[in-house]
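Chemist: The structure is given below, and queries will be raised subsequently.
Please treat every number below as a calculation from the coordinates, not as lab data. Only a predicted model underlies this, so the values are computations on that prediction, with no experimental measurement involved. Don't worry about glycine lacking a Cβ; one is built from the backbone with ideal geometry, like all the others, and counts go over all protein chains shown.
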Amino acid sequence: MAQWLTIWRAAQLVGVPRGVLQQRVRSGEIELADGLVSTETLLRLYPQTELEASGMLERVVHIRDEAFGRRLRERLLPSQEVLAQRLFNQGQELADVQRHLQRYHALVIALREQLAALATDDPRLAALHRQLNDGLARALATESVDRLDVMDDVLKVMSAQVTLRPSGHQFSVEGHDTLLQAGLRAGLKLNYGCGNGSCGMCKVRVTDGQVARTMHTDYVLSETEKSQGYVLACAHTAGSAELTIESLEAAGPADIPAQHLVTQVRAVRELAPDTRLLHLQTPRSHRLRFLAGQSVTLGLALGEGLRSTLPIASCPCDDRNLHFFVARDADSAFAQQVFAGGLKPGDAVNLWGPVGEFVLADGQRPLVFVACDTGFAPVKSLIEHALSLDAAPSLSLFWLATRPDGHFLANQCRAWSEALDLFEYALFTDADASAGARQVVTAVRADLFDIDCDFYVAGPQAFVATARDELRAAGVPAPQVFVEVLS
Ligand code: FES
């Protein structure tokens with residue numbers, strides 16, 4: 001009999017992004033009932049999703065579906081305690097179901113016997129008795145198990161599924177991740193502060209399921225909070241295979257507080273002759289909360305003039321390790337300091353922020369990123385965030401270089417495109433940013449203009465203005481064009 005799954009779980013089981021399933025829903029290939037998809041439909045569309053029909057342990061080890069097997073093997077197991085807790089909970093659920101079934105069975109057998117005694121003189125009762133016998137025989141007949149059901153059970157133990165209320169967002173908790181880490185990895189904008197159990201800002205209320213504590217915390221919840229089910233998301237993981245929690249999420253940049261941190265230089269690395277990667281690390285107890293696509297101001301302790309506002313090039317899912325692309329720039333004292341070797345590992349760098357509205361909008365349209373030179377920094381952060389969210393049906397990148405080493409991370413684009421079916425990219429070169437923008441938009445129109453997309457454009461003023469005007473002239477609605485001008 002078909003089972004019903006959420007789109008989120010279905011995508012996990014068959015190993016495709018949620019956006020791909022959502023697109024098939026829109027095109028009518030998948031029909032939903034109460035927002036759920038049936039395993040029958042899923043197996044019809046993804047027939048390769050199969051397991052060996054042998055013993056349970058063998059099912060995990062000898063998995064015929066290569067993709068599912070690989071996904072299982074790649075998973076980090078949670079700690080022994082958490083694994084034991086999840087198995088125990090699942091065993092309890094199974095025991096409950098068995099007990100109910102046994103009682104139903106005993107009831108049906110008793111009724112059948114009574115019916116048999118009464119049916120001797122009454123043809124209608126005799127027909128009812130036969131119907132009951134046939135139905136019982138069918139119910140007790142051994143049928144092959146639903147493959148997706150088995151896979152779902154295996155996944156439940158290895159990675160718990162968390163549902164967030166009131167948003168309804170879902171994410172899985174893998175390995176040793178806390179609820180907070182797993183939520184951030186999934187691209188959610190959860191509320192938090194220190195990340196290590198001392199501020200209390202990551203409080204969530206558990207409304208269904210169980211949690212397991214992962215570390216000692218300095219912050220103490222009140223007795224009332226404890227009795228209401230509150231826990232710290234940064235110090236707990238999922239103890240049951242399914243968990244529902246209530247938590248606030250940031251709606252946008254306005255919900256992210258201004259912060260001041262003193263970070264340390266982890267490394268300065270040459271990406272290309274005129275581009276450096278600046279890797280900063282925050283203190284363990286004071287991380288940067290930001291949204292993908294936002295910028296911060298960096299200031300060297302050496303002097304007031306040594307400040308620069310730069311877009312963060314890394315993903316908010318790693319809030320300790322912050323990456324920036326610094327281009328050689330004779331007008332920037334900060335850049336000159338970076339290129340002159342004035343920043344060494346361990347040096348302190350002040351950080352203020354985050355600022356900026358260049359963040360992913362909610363929605364499920366295909367995403368198109370248009371970048372020029374180091375405009376790739378916020379775009380890279382957005383792409384990584386979009387990959388975490390796993391909601392866009394496709395991602396396309398069009399990257400213009402106005403200088404010889406402008407494509408300083410082309411290898412990263414190649415790696416994404418080789419690893420991900422949903423990602424494609426094209427590189428362009430033109431010394432003139434405006435002419436390059438026209439060239440890029442012409443390519444965008446030729447490639448995917450008939451697709452209803454969201455466009456994210458980042459780079460110098462001339463590039464952004466031209467690209468935006470060209471896109472608008474081509475008929476893209478204003479609310480679907482997001483821009484970031486880099487100074
Ligand atoms: S983020 Fe500070 S206590 Fe969890």
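Chemist: Using unit Cβ charges (K, R positive; D, E negative) and no other charged atoms, how large, in debye to the nearest 20, is the dipole of the chain about its Cα centre?
Modeler: In total the dipole reaches around 740 debye.
Chemist: Something else: So what's the projected area for region 151-208, the Cα convex hull averaged over all directions, in nm²?
Modeler: 4.5 nm²
Chemist: How far, in nm, would the chain grow between residue 447 and residue 213 when pulled straight, counting 0.36 nm per residue and subtracting the alpha carbon separation?
Modeler: Separation in residues times 0.36 nm, less the Cα-Cα distance, equals 79.2 nm.
Chemist: Further, regarding this structure: Rounded if a/c is under 1.5, else prolate if a/b is larger than b/c, else oblate: which is region 186-241, with a ≥ b ≥ c the root eigenvalues of its Cα gyration tensor?
Modeler: Here region 186-241 falls in the rounded category.
Chemist: Amide H of residue 369: which non-local residues (sequence gap of 5 or more, or other chain) have their own amide H closer than 5 Å, using H built in the peptide plane?
Modeler: For residue 369, whose amide H was placed from the backbone, the distant partners under 5 Å are 396, 397, 398, 456.
Chemist: Now, a different point. Ordered by residue, what ³J(HN,Hα) values in Hz, to whole numbers, does region 246-256 give under the Karplus form 6.51 cos²θ - 1.76 cosθ + 1.60, where θ = phi - 60° and Gly and Pro are x?
Modeler: Taking θ as phi minus 60°, the curve returns 9, 7, 7, 10, 5, 8, x, x, 4, 8, 9 Hz for region 246-256.
Chemist: Right, something else. Between residue 130 and residue 284, how high is the FRET efficiency from 1/(1 + (r/R0)^6) when r is the Cβ-Cβ distance and R₀ = 56 Å? Nearest 0.05.
Modeler: The computed FRET efficiency comes out at 0.20.
Chemist: Ok, one more. Can you tell me the FRET efficiency between residue 103 and residue 225 if r is taken as the Cβ-Cβ distance and R0 is 45 Å, rounded to the nearest 0.05?
Modeler: Computed FRET efficiency for residue 103 and residue 225 comes out at 0.70.
Chemist: Say the dipole of the chain comes from +1 at the beta carbon of Lys and Arg and -1 at that of Asp and Glu; which of 106, 117, 423 then lies farthest toward its positive end?
Modeler: The Cα lying farthest towards the positive end belongs to 106.
Chemist: Stretch residue 355-residue 254 to full length: gain in nm at 0.36 nm per residue minus the Cα-Cα span?
Modeler: Extra length from residue 355 to residue 254 when fully extended: 35.4 nm.
Chemist: Using Cβ counts within 10 Å as a stand-in for footprinting exposure, how do 140, 322, 45 rank, fewest first?
Modeler: Exposure proxy ranking, most exposed first: 140, 45, 322.
Chemist: Now a separate question. What is the ratio of the Cα radius of gyration of region 255-355 to 2.2 N^0.38 Å, with N the residue count, to two decimals?
Modeler: Normalised Cα radius of gyration, region 255-355: 0.99.
Chemist: Right, another one. Using a ≥ b ≥ c from the Cα gyration tensor of region 282-439 (square roots of the eigenvalues), is it rounded, prolate or oblate, where a/c under 1.5 gives rounded and otherwise the larger of a/b and b/c decides, a/b for prolate?
Modeler: It comes out oblate by the Cα gyration axes.
Chemist: Using label points projected 7 Å from each Cα along Cα→Cβ, tell me how many nm separate residue 138 and residue 329, to one decimal.
Modeler: Placing both labels 7 Å along Cα→Cβ, they lie 7.3 nm apart.
Chemist: Each residue of region 308-313 in turn: what ³J(HN,Hα) in whole Hz from Karplus with 6.51, -1.76, 1.60 and θ = phi - 60°, glycine and Pro shown as x?
Modeler: 8, 9, 10, x, 7, 9
Chemist: Please get the size of the charge dipole for region 159-249, origin at its Cα centre, with Cβ charges of +1 on Lys and Arg and -1 on Asp and Glu, quoted in debye to the nearest 20.
Modeler: With Lys and Arg at +1 and Asp and Glu at -1, about 100 debye.
Chemist: Here is a follow-up. For the chain, list the DSSP H helices whose alpha carbon atoms reach 30 Å or more along the long axis and whose average Kyte-Doolittle value is -1.0 or above?
Modeler: TM-like helix candidates: 80-118.
Chemist: Can you work out ³J(HN,Hα) from phi for every residue in region 293-300, in order, using Karplus 6.51 cos²θ - 1.76 cosθ + 1.60 and θ = phi - 60°, giving whole Hz and x for Gly and Pro?
Modeler: So the J values, rounded to whole Hz, are x, 7, 10, 9, 9, 10, x, 7.
Chemist: A further question follows. With each label point set 7 Å from Cα along the Cα-Cβ vector, what nm distance links residue 45 and residue 403?
Modeler: Calculated label separation equals 4.6 nm.
Chemist: For residue 95 and residue 336, compute 0.36 nm times the residue count separating them, minus their Cα-Cα distance, and round to one decimal in nm.
Modeler: The residue 95-residue 336 span can extend by a further 80.0 nm.
Chemist: Per residue of the chain, what 222 nm ellipticity follows from adding -39500 (n - 2.57) for every DSSP H run with n ≥ 4, rounded to the nearest 500?
Modeler: -11500 deg cm²/dmol
Chemist: May I pose another question? Can you give the local net charge around residue 481? Use residues other than it whose beta-carbon is closer than 14 angstrom to its beta-carbon, Lys and Arg +1, Asp and Glu -1.
Modeler: Around residue 481, the surrounding residues sum to -2.
Chemist: Over its Cα atoms, what ratio of radius of gyration to 2.2 N^0.38 Å does region 136-235 give?
Modeler: Cα Rg divided by the expected 2.2 N^0.38 Å: 1.41.
Chemist: Enumerate the amide H contacts of residue 165 below 5 Å, restricted to partners 5 or more residues apart or on another chain; note that Pro and chain-start residues carry no placed amide H.
Modeler: Under 5 Å from the amide H of residue 165 lie the amide H atoms of 245, 246, 247, each far enough along the sequence or on another chain.
Chemist: Once you treat every alpha carbon in region 367-485 as an equal point and sum by Debye, what is log10 I(q)/I(0) at q = 0.10, 0.19 Å⁻¹?
Modeler: Values, matching the q order: -0.25, -0.97.
Chemist: Ok, one more. Rg to Rh for the chain: what is it, with Cα atoms only and Rh by Kirkwood?
Modeler: Here Rg/Rh amounts to 1.07.
Chemist: Something else about it: Given 137, 41, 348, which one lies farthest toward the positive end of the charge dipole of the chain, if we put +1 on the Cβ of every Lys and Arg and -1 on the Cβ of every Asp and Glu?
Modeler: Positive-end residue among those listed: 348.
Chemist: Let me ask something else about it. Under 11 Å from the Cβ of residue 407, count the other residues' Cβ atoms, weight Lys and Arg +1, Asp and Glu -1, and hand me the total.
Modeler: Value of the local net charge: 0.
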